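Undergrad: Sharing a structure, written as structure tokens. Questions coming.
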Amino acid sequence: MAAEEEGLTGPGETRPAPGPGPGGEPAPAAPRSVPELMLGRPPMARPLPTFDAEAAPAEPGPLFVDWLATALHAGVPDPQVFTLSTVDADGLPDARVLVLRDVDAAGTGWVFSTAADSPKGRQLADHPAAALTVYWPQLGRQVRVRGTVERAADQVAGAEFATRSPAARIGALVGRQSEPLASPAEYEEAVAVARRRLEATPDAVAAGHAVYTLWAHEVEFWQGDAERHHVRLRYTRTGPVRTPEWSRTLLWP
């Protein structure tokens, strides 16, 4: 969409005054630039929880589970949604939003699933490391995780697939994630075929469905503050993966 259709113009450009609203009342003035869209809307200008980093547990897994539960109880929309970042064959970063499937709090692993032949699946096969980012706006809380990624056995993936909603299973059975699509009708036809397959074979598993665990090497908890007195606590693994050996460091905001 052209910038002027969104009420945005380039430097030095002008735009006509907005016409009256539907009821004849004056329409609000439209912003002229992206910064104007954000002026008067400072981030985190609302009551936020505090975070006593000194009282945090020795390991990051239990703290993440506690923060996730708090987000659920606070009514944060889709608190289990996170951003997964990988790198492609050229070393360029790539990111997308996924759904967290489980947390191994003891071993400090974040579990997710996807198609092994999707772009992210291929990237993880070539370079099994990733970063995970969660942000819960209502609480002003962010969690950043970095580590190595391990693919689970096919039996684990099959069992996980059975726990997914019918719509999610149908979408996975359609497959061809991120491939060019000729038309919406082509997709709807593929969905219908996948739905009939699932109805005929309820235990069907999409080819290439894979479950991965991101084993954290580093985890940072970030509690925002309206006065920018943010609290940042970083955990760094000091022992082998799956062992409860971590160091903790407070970071400057």
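Undergrad: Here is a check on your reading of the model: is residue 108 β-branched (Val, Ile, Thr) and surrounded by fewer than 19 Cβ atoms within 10 Å (Cβ to Cβ)?
TA: no
Undergrad: Among residues belonging to the stretch 234-253 that are among the basic types (Lys, Arg) and outside any loop (DSSP other than H, G, I, E, B), point out the one that is farthest from the chain's Cα centre (by Cα).
TA: So, considering only residues that are among the basic types (Lys, Arg) and outside any loop (DSSP other than H, G, I, E, B), the one farthest from the chain's Cα centre (by Cα) is 248.
Undergrad: Which members of the stretch 144-157 meet the condition of being of a type in the set (Gly, Ala, Ser) and either in a strand (DSSP E or B) or at positive phi (or both)?
TA: Passing the criteria: only 147.
Undergrad: Do any strands (runs of 3 or more DSSP E) entirely within the stretch 38-143 hold 2 or more residues that are under 15 Å from residue 211 (Cα atoms) and free of Cβ contacts under 8 Å to residues at least 24 places away in the same chain, and if so, which?
TA: Counting at least 2 such residues, we get 93-99.
Undergrad: Looking at (1) of a type outside the set (A, V, I, L, M, F, W, C); (2) in contact with a Lys or Arg (Cβ under 9 Å, 6 or more places away or on another chain); (3) at pLDDT below 95; (4) outside any loop (DSSP other than H, G, I, E, B), which is the one condition that is false for residue 35?
TA: With (1) of a type outside the set (A, V, I, L, M, F, W, C); (2) in contact with a Lys or Arg (Cβ under 9 Å, 6 or more places away or on another chain); (3) at pLDDT below 95; (4) outside any loop (DSSP other than H, G, I, E, B) applied to residue 35, the lone miss is (2).
Undergrad: Evaluate the stretch 178-200: report whether one residue or more is touching a Phe, Trp or Tyr at 6+ places or on another chain (Cβ under 8 Å), within 27 Å of residue 110 (Cβ to Cβ), among the small types (Gly, Ala, Ser) and touching a residue at least 12 places away in the same chain (Cβ under 8 Å).
TA: no
Undergrad: Report yes if residue 72 is of a type outside the set (Phe, Trp, Tyr) and either touching a His at 6+ places or on another chain (Cβ under 8 Å) or surrounded by 15 or more Cβ atoms within 10 Å (Cβ to Cβ) (or both), otherwise no.
TA: So residue 72 fails the test.
Undergrad: Scan the stretch 184-233 for residues that are of a type in the set (S, T, N, Q) and either in a strand (DSSP E or B) or surrounded by 16 or more Cβ atoms within 10 Å (Cβ to Cβ) (or both) and report the count.
TA: So the answer is 2.
The values are calculated or read from the model by the stated rules, or taken from the named source; none is laboratory data. Computed from a predicted model, the values in this text were never measured in an experiment. Cβ coordinates were reconstructed from backbone atoms using ideal geometry, including for glycine residues, and neighbour counts include every protein chain displayed.
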